[in-house]
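A short worksheet on the structure shown next.
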Amino acid sequence: MGAIVAVIGLELAGVAAGMAGLLPAEGQTPDSKTIIISITTLAVTVLGSVLFRGFLAIIPILIGVLVGYALSFAMELSIPRRLLMLTGLRCQPSIRRASSGLPF
């Protein structure tokens, strides 16, 4: 099972680097604010998983995400729409009947 997880992680490394701003699309320059936020978020998450004790040791990923959002507000990015895409959730009804494909 460990080899499968490693292969999946290696496949997603390029996607993660692109989302962190380290691999911009052709013709674009890297955005320094995005890189600073992503590296800070990663550092807080990794350090938190090593250094936190007690209840905080259970939630280092949540703490890292919150630090990243706080830093994006501080750097006046105010959560770019490409990072937080909730438009699909807003358009969907909160309760929906499951469709089985049968005509009734």
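Taking the condition loosely packed, with under 12 Cβ neighbours inside 10 Å and among the small types (G, A, S), does G9 pass?
Considered against the rule, which asks whether it is loosely packed, with under 12 Cβ neighbours inside 10 Å and among the small types (G, A, S), G9 comes out as yes.
What are the pairs with Cβ atoms under 6 angstrom where one residue, in segment 22-50, is touching a residue at least 40 places away in the same chain (Cβ under 8 Å) and under 21 Å from P60 (Cα atoms) and the other, located anywhere, is part of a helix (DSSP H, G or I) and of a type in the set (G, A, S)? Sequence gap at least six, or different chains.
Close Cβ pairs satisfying both conditions: I37/G68; I37/S72.
Hey, among L22, L89, L83, L77, which residue is assigned to a loop (DSSP other than H, G, I, E, B), modelled with pLDDT under 80, of a type outside the set (G, A, S) and more than 14 Å from the chain's Cα centre (by Cα)?
L77
Condition (residue is basic (K, R) and either modelled with pLDDT of 90 or more or touching a Phe, Trp or Tyr at 6+ places or on another chain (Cβ under 8 Å) (or both)) applied to segment 47-54: is it met by at least one residue?
Yes, that holds for at least one residue.
The values are calculated or read from the model by the stated rules, or taken from the named source; none is laboratory data. Worth saying up front: this structure is predicted, and the values here are computed from it rather than measured. No Cβ is skipped: glycine too gets one built from the backbone with ideal geometry, and neighbour counts run over all protein chains shown.
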